[in-house]
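Q: I am attaching a structure below and will ask some questions about it afterwards.
The values are calculated or read from the model by the stated rules, or taken from the named source; none is laboratory data. On a predicted model such as this, the values are computed, not experimentally measured, just so you know. Here the Cβ positions follow ideal geometry from the backbone for every residue, glycine too, while neighbour counts run over all protein chains shown. The protein model used for the area step is the full one, side chains on, heavy atoms only, and it has no ligands, DNA or RNA in it. Shrake-Rupley method; radii C 1.70, N 1.55, O 1.52, S 1.80 Å.
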Amino acid sequence: MKRRGLWSGLVLVVLITAGARAQTACDRPALELRLLCTAYRWDGPVASAYFETVDVTAYPMFAGLTVVAWGGVLAGRLERPTAERVTLATAATTVLVFGLKALVRRDRPFDAWDDIAPRGDPPTSHAFPSGHAALAFTLATAWSLEVPRIYVIVPAYVWATSVAVGRVWKGVHYPTDVLAGAVLGAGVAWTVHRIWR
């Protein structure tokens, strides 16, 4: 009799847990979840092609824009402190992102909600802040400060914003993850530029 009661209780706990887990983000009234679902549901061929392409460019650009700065120094087009500031801002942002991820330990949307599935390979790190958004805005801000020309500033921020929104579209970040990453990245680049004159 005691065993039956124990098994019944265990089954009840499993059912309650499964019911609690089977919740959908897009049924919730919270503003952040509404924004997440709005971006996640942009599923036409144009949006898919655009965000997939932007996401593919992210890692090459993160490394490449720092290499370009040093190439500019070697070619005599940029001064050495420019490349040093871009490199320092990128490195500092990377360290801060990893530190905050370890501290905050926020789950990814696809881990928390049944109606959000990652597009592509799911990241294994924590969500907050978005490293992609942070590095994209670090580089956009650093280059905009170093080369304050409209042909640098506009494409840089269009690309950075696209990277950030694309992370929400892929279902791997909440809007606040990418907003925090953007603020962090831009702030680090601005601080480095102001201090290291």
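Q: For the chain, what is the relative contact order in percent, using Cα pairs closer than 8 Å and at least 6 residues apart in sequence?
A: Once normalised by length, the contact order is 28 percent.
Q: Apply 1/(1 + (r/R0)^6) to the Cβ-Cβ distance of Ala91 and Ser48, taking R0 = 45 Å, and write down the FRET efficiency to the nearest 0.05.
A: The formula returns an efficiency of 0.85 here.
Q: Now, a different point. Roughly speaking, to the nearest percent, how much of the chain's 1.4 Å accessible area is carbon and sulfur?
A: With neighbouring chains kept in place, the figure for the chain is 69 percent.
Q: Would you be so kind as to identify which of Thr82, Val104, Phe51 lies farthest towards the positive end of the dipole of the chain, taking Lys and Arg as +1 and Asp and Glu as -1 on Cβ and the Cα centre as origin?
A: Val104
Q: Along each of the three principal axes of the Cα atoms of the chain, give the extent in whole Å, ordering the values from largest to smallest.
A: 85, 36, 26
Q: Scan the chain and note any complete DSSP helix (H) whose C-alpha atoms cover at least 24 Å along its axis and whose Kyte-Doolittle average is 0.5 or more.
A: Taking the DSSP H segments of the chain (at least 24 Å long, mean hydropathy at least 0.5), we get 2-21, 45-74, 80-104, 150-169, 175-195.
Q: Report the relative contact order of the stretch 135-197, percent, no decimals, based on alpha-carbon pairs under 8 angstrom and at least 6 residues apart. Walk me through the numbers before you get to the answer.
A: Details: 62 pairs, mean separation 30.8, N = 63.
Once normalised by length, the contact order is 49 percent.
Q: Hey, another quick one. Mind putting a number on the dipole of the chain about its Cα centre? Charges go on the C-beta only, +1 for Lys and Arg and -1 for Asp and Glu, and I need it in Debye to the nearest 20.
A: Dipole about the Cα centre, nearest 20: 540 debye.
Q: Could you tell me which chymotrypsin sites (Phe, Trp or Tyr not before Pro) in the stretch 29-102 are loop residues by DSSP with no more than 16 other beta carbons within 10 angstrom of their beta carbon?
A: Numbers: sites: Tyr40, Trp42, Tyr50, Phe51, Phe62, Trp70, Phe98; in loops: Trp42.
Passing sites in the stretch 29-102 are Trp42.
Q: Using label points projected 7 Å from each Cα along Cα→Cβ, tell me how many nm separate Arg105 and Ile150, to one decimal.
A: 5.0
Q: Right, another one. Which distance in nm do the two modelled labels at Thr24 and Arg194 give, with both placed 7 Å along the Cα-to-Cβ direction?
A: 4.6
Q: Hey, another quick one. Go through 120-129, 174-183 and give me the packing order, highest mean Cβ count within 10 Å leading.
A: Highest mean packing first, the order is 174-183, 120-129.
Q: Another one. Return the loop-located chymotrypsin sites (Phe, Trp or Tyr not before Pro) in the stretch 100-197 (DSSP other than H, G, I, E, B) with at most 13 other Cβ atoms within 10 Å of their own Cβ; answer none if there are none.
A: Of the chymotrypsin sites (Phe, Trp or Tyr not before Pro), the ones in loops of the stretch 100-197 whose Cβ has at most 13 other Cβ atoms within 10 Å are Trp196.
Q: Using a 1.4 angstrom probe, figure out how much accessible area the chain has per residue, in square angstrom, rounded to the nearest whole.
A: It amounts to 57 Å² per residue over the chain.
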